Amino acid sequence: LPISGYKNDKIDLATSIFGYSNKDSSLKGRVFFGNALLDSEPKVLSEVKEVLGGPKASYFPFYLEQFKNPKTQEYNTYQNKATLKGYKRYPVHSKGVKTGSYQNVKSEKVFSKFQPLDKDATFTLKIRFHNLRTFEIGALISAITFHNNENKCFHSLGAAKSYGYGKVKVEFVQMKNLQHSKEKYLSAFEEDINNKIPKWFESNVITELFSMACNTDDSTLEYPEIEEFVGYKQTKIKGEQKDHDFLKKYSEISNFNPKQFRSVLKQQTPQVALSLSQSNFDGLSKDLNVILKEQYDSFNDENKQLICERIKFVFNNHRDSRKKLSKAYDWENNIKKWLGEEMMQSLKAELKINQD
């Protein structure tokens, strides 16, 4: 049932760009990837053997969205009207590759053998395309660069991704025969997709993708033993009720901070001078946080100065605001976000606020 709900006969954006072929019809793709050639002599490491057995989609604690309260609700299974958790993907590793534990593995047939390249190998390739519209070029660039975040995110290639192999950083060395900048194409794509998926860049799908593609804490990346898989689905052990176990979203179990990623549209939007007339700090805080969430990722210097003036006004003219600003909470959780550390400390010194 979950899988049948994803069927769609319409051609989506990716299919229209890359094409398809089946028994009844076909569509030629408009993007062509050249071979990626190694820039220097390969440094091949010693042979490695790992168990690369894939997860099974029938294992519902991992593959289906599960309940919010594990102590009071039953598992969602393929017998329910359940929802697939998402797309299968392996998180990149921030601390290099790992090796599995195989003390109890007796058969050599379960192992896959391969010789990995050493780290820091670089490859160069060309991507050619024709007849792509502006937002389609933006979609292509977005997919390659994680929407202009190629310095923070990594692609994963090859069969041993689950152990940390195949971590790849992609850089644009040169862009030829394009009318606009990279940011212009990305803005066009983001604007188009926002019409179909409002606030697409802040959606759960993008959050999970980025959490798995960036250097988050990978100390939790351990494969369960066979016995543990069986235990996850048990509701009782030795007659006693136990918590239900299931795979949580990766953004919840890693130290992922979505605020480090910025929407291209927000970056391109010019800031207008803020009109601040609030008479108390609570009203000011509410309005500024809404503006940051819906319009900008950060305030420019002109608006930071306007915010400083308004904070000084409510501090000097509103008693409850003065009491509120005498405590550390709003300085660390709001004012620091609006002004930055340096300007926040300067303002505190000017207002003679000492919270030690």
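Restricting the first member to the stretch 49-68 and to residues that are within 14 Å of G86 (Cα to Cα), and the second to residues that are part of a loop (DSSP other than H, G, I, E, B) and of a type in the set (A, V, I, L, M), the beta-carbon pairs closer than 7 Å and six or more apart or on different chains are P61/L247; F62/L247; Y63/A57; L64/A82; E65/A82.
Residues in the stretch 122-165 that are β-branched (V, I, T) and in a helix (DSSP H, G or I): T134, I137, I141, I144, T145. Quick check on E74: is it over 25 Å from the mean Cα position of the chain (by Cα) and open to solvent by less than 70 Å² (accessible area, probe 1.4 Å)? Here the answer is no, as E74 does not meet what is asked.
If you go through the stretch 166-195 and pick out every residue that is assigned to a loop (DSSP other than H, G, I, E, B) and of a type in the set (D, E, K, R), you end up with 3. Looking only at residues of the stretch 37-80 that are within 21 Å of K113 (Cβ to Cβ) and of a type in the set (G, A, S), we find that the one that is modelled with the lowest pLDDT is G54. As a summary of the residue check, Q234 satisfies the conditions (1) modelled with pLDDT under 85; (2) under 27 Å from the mean Cα position of the chain (by Cα); (3) not in a helix (DSSP H, G or I) except for the one numbered (2).
Each residue in the stretch 103-141 was checked for being among the hydroxyl-bearing types (S, T, Y) and closer than 24 Å to K167 by Cα, and 3 pass.
One residue stands out among those in the stretch 107-133 that are open to solvent by 60 Å² or more (accessible area, probe 1.4 Å) and among the aromatic types (F, W, Y): the one that is farthest from G19 (Cα to Cα), which is F123. Of the residues screened, N317 is one that is open to solvent by 70 Å² or more (accessible area, probe 1.4 Å) and free of Cβ contacts under 8 Å to residues at least 40 places away in the same chain. Cβ-Cβ distances below 6 Å connect no pair with a first residue in the stretch 96-111 that is in contact (Cβ under 8 Å) with a residue 24 or more places away in the chain, a second residue that is assigned to a loop (DSSP other than H, G, I, E, B) and open to solvent by 80 Å² or more (accessible area, probe 1.4 Å), and a separation of six or more residues or different chains.
Among residues of the stretch 30-46 that are part of a strand (DSSP E or B), those with a beta-carbon under 6 Å from a residue that is among the basic types (K, R) at least six positions away or on a different chain give the pairs F32/R128. Taking the stretch 320-345 as the range and being farther than 17 Å from N300 by Cα and open to solvent by 30 Å² or more (accessible area, probe 1.4 Å) as the test, the residues that pass are D320, R322, K323, K324, S326, K327, A328, Y329, E332, N333, Q345.
Among the residues of the stretch 173-210, just one is surrounded by 13 or more Cβ atoms within 10 Å (Cβ to Cβ), over 27 Å from N131 (Cα atoms) and in contact with a Gly (Cβ under 8 Å, 6 or more places away or on another chain), namely E208. Just one of (1) farther than 30 Å from S187 by Cα; (2) part of a loop (DSSP other than H, G, I, E, B); (3) open to solvent by less than 40 Å² (accessible area, probe 1.4 Å) fails for K352. It is (3). Can you name the condition, by its number, that A57 falls short on among (1) among the small types (G, A, S); (2) open to solvent by 40 Å² or more (accessible area, probe 1.4 Å); (3) within 30 Å of R128 (Cα to Cα)? For A57, the exception is condition (3). The set of residues in the stretch 294-325 that are part of a loop (DSSP other than H, G, I, E, B) and modelled with pLDDT under 90 comprises Q295, Y296, D297, S298, F299, N300. Filter the stretch 271-302 down to residues that are under 18 Å from K348 (Cα atoms) and of a type outside the set (F, W, Y), then give me how many there are. Here the count works out to 5. The set of residues in the stretch 86-101 that are in contact with a helix residue (DSSP H, G or I) (Cβ under 9 Å, 6 or more places away or on another chain) and either open to solvent by 100 Å² or more (accessible area, probe 1.4 Å) or at pLDDT below 85 (or both) comprises G86, Y87, K88, K98, T99, G100. Residues in the stretch 198-230 that are among the hydroxyl-bearing types (S, T, Y) and in a loop (DSSP other than H, G, I, E, B) were compared, and the one that is farthest from the chain's Cα centre (by Cα) is Y223.
The values are calculated or read from the model by the stated rules, or taken from the named source; none is laboratory data. Source: prediction; values computed, not measured. Ideal geometry is used to build each Cβ from the backbone, glycine not excepted, and the neighbour counts take in all protein chains shown. These accessible areas exclude ligands, DNA and RNA; they are computed on the full protein's heavy atoms, side chains included. Shrake-Rupley method; radii C 1.70, N 1.55, O 1.52, S 1.80 Å.
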